[in-house]
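Everything on this sheet refers to the single structure shown next.
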Amino acid sequence: MTDILPTATETNRKEKPRRFVVTGASGTLGYNIVRLFASDPDHQLVLPLRTLHPDLFHRYSNVHMRQADLSDTPELGRILRDASPDVIIHCAASGVRPRREAWFDMVAFNVDATLRLFQASCVIPECHFIYISTGLAYRHQGRPLRETDPVESLHPYGVSKAAADLLLQAAASEFGRTLTILRPFSFTGLHDGGARLFPSLLHAALTGEPFRLSPGEQVRDFCAVDDIASAVLAACQRTEDRELVEIFNVGSGLSKTIRGVVEEVCRDLALPVNLQFGALPYPRNEPMHLVADITKISRLGWQPQESLSYAVWQLAQVQSPELRLNQPERSL
């Protein structure tokens, strides 16, 4: 892997490969999008990163990292002009559950950096902008959520992504730019980390500590991250009958309580952990029903393929290889 970008002359010697800029490549979804896209040698990927990670994608010769601050509009413009991407996939975002003192910083990044990147993209002719929003942006409906439902949330991460989501729609309409918004629901898999649900579950199993949770009656839609990444690919490949602005939910379409999901994963993997449901209160502004209606994206030929338990097993092989777990079936 190198951070030296091939020139336009080099890439036009034969058929020009598709060129992608992917932000947030060090995060869970961004990492798996890059893995999937880079497996095609006809793809060239440029990754603007605040901190370079030389070992992250070292096995891919078609992945090129550029050190960049997404709040630096002139630098973003230079990177995009050099890369001349066919598609920009904007995954970079700040914290699902920020500390209270970081609330405004999170909102500023999720909104401002997104608009700066979109502004910089406007100098690239016919560039398709794909924004990774979130199912947390929706107003609670108590049923599977459709793309036409109101985008209105008090969840800190959800509201910051909702604000950028709506502003991008207005900007795309104003400037005639092709925009696809994907709203993923809950997911896990390789490169998941931090204080998220399944990395924390594996850590508790490894250390023998009790795993303290809320009562777990929230209804959720969990998906393997590989399936979310394949949905992004499906959106990139869509060329016929594409509207200027399109929005797709991405999830399993299945309604399960968090308690039911965690217990099922523990059972499938024979994961040795002491689950303590009800030891923690529900987080502030936590939606009690967050499930995707995936009818619309299914029309692109996309369907989830991988079981959640297998995605957690894959994560465990990297994060907690000392655990001796059952390997579940991969396919749903």
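The values are calculated or read from the model by the stated rules, or taken from the named source; none is laboratory data. Since this is a predicted model, take the numbers as computed values, not measurements. Every residue, glycine among them, receives a Cβ derived from its backbone with ideal geometry; neighbour counts consider all protein chains shown.
Restricting attention to helices (runs of 4 or more DSSP H) lying wholly within the stretch 45-145, give those where 2 or more residues are within 24 Å of Arg18 (Cβ to Cβ). Spell out the reasoning first.
Values: elements: 73-83, 103-108, 114-121.
Filter on the stretch 45-145 gives 73-83, 114-121.
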Subject >> Subset of the stretch 214-229 (residues that are touching a Leu at 6+ places or on another chain (Cβ under 6 Å) and surrounded by fewer than 21 Cβ atoms within 10 Å (Cβ to Cβ)) >> reply: Ser214
Subject >> Which numbered condition Gln169 misses (of (1) closer than 21 Å to Arg220 by Cα; (2) part of a helix (DSSP H, G or I); (3) of a type in the set (S, T, N, Q)) >> reply: (1)
Original post:
Out of all the residues in the stretch 283-308, which are among the hydrophobic types (A, V, I, L, M, F, W, C) and assigned to a strand (DSSP E or B)?
Top reply: Leu290, Ala292
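Criterion first (part of a strand (DSSP E or B) and within 19 Å of Pro283 (Cβ to Cβ)) does Phe198 satisfy it? Give the steps one after another, and end with the answer.
Numbers: part of a strand (DSSP E or B): no; within 19 Å of Pro283 (Cβ to Cβ): yes.
It is false that Phe198 is part of a strand (DSSP E or B) and within 19 Å of Pro283 (Cβ to Cβ).
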Subject >> Failed criterion for Leu271 (all others in (1) surrounded by 19 or more Cβ atoms within 10 Å (Cβ to Cβ); (2) under 18 Å from Asp221 (Cα atoms); (3) more than 18 Å from the chain's Cα centre (by Cα) hold) >> reply: (2)
Original post:
Restricting attention to the stretch 270-279, does a residue exist that is at pLDDT 95 or above and either among the aromatic types (Phe, Trp, Tyr) or within 24 Å of Val232 (Cα to Cα) (or both)?
Top reply: yes
**OP:** Pick out the one residue from Ala224, Ala311, Ala279, Ala234 that is in contact with a helix residue (DSSP H, G or I) (Cβ under 6 Å, 6 or more places away or on another chain) and among the aliphatic types (A, V, I, L, M).
**Re:** Ala224
Subject >> Count of residues meeting criterion [in a helix (DSSP H, G or I), of a type outside the set (Gly, Ala, Ser) and either closer than 29 Å to His155 by Cα or in contact (Cβ under 8 Å) with a residue 12 or more places away in the chain (or both)] in the stretch 309-323 >> reply: 7
Subject >> Evaluation of Leu167 against (1) touching a residue at least 40 places away in the same chain (Cβ under 8 Å); (2) touching a strand residue (DSSP E or B) at 6+ places or on another chain (Cβ under 8 Å); (3) closer than 22 Å to Met106 by Cβ (one fails), failing number >> reply: (2)
Original post:
For the stretch 49-73, what are the residues that are more than 25 Å from Ala224 (Cα to Cα) and either among the β-branched types (Val, Ile, Thr) or surrounded by 23 or more Cβ atoms within 10 Å (Cβ to Cβ) (or both)?
Top reply: Thr51, Thr73
**OP:** Kindly indicate the residue of the stretch 188-212 that is within 25 Å of the chain's Cα centre (by Cα) and without any contact (Cβ under 8 Å) to a residue 24 or more places away in the chain and also surrounded by the most Cβ atoms within 10 Å (Cβ to Cβ) among those meeting that condition.
**Re:** Ser200
Original post:
If you go through the stretch 274-294 one residue at a time, how many are within 23 Å of the chain's Cα centre (by Cα) and touching a residue at least 40 places away in the same chain (Cβ under 8 Å)?
Top reply: 11
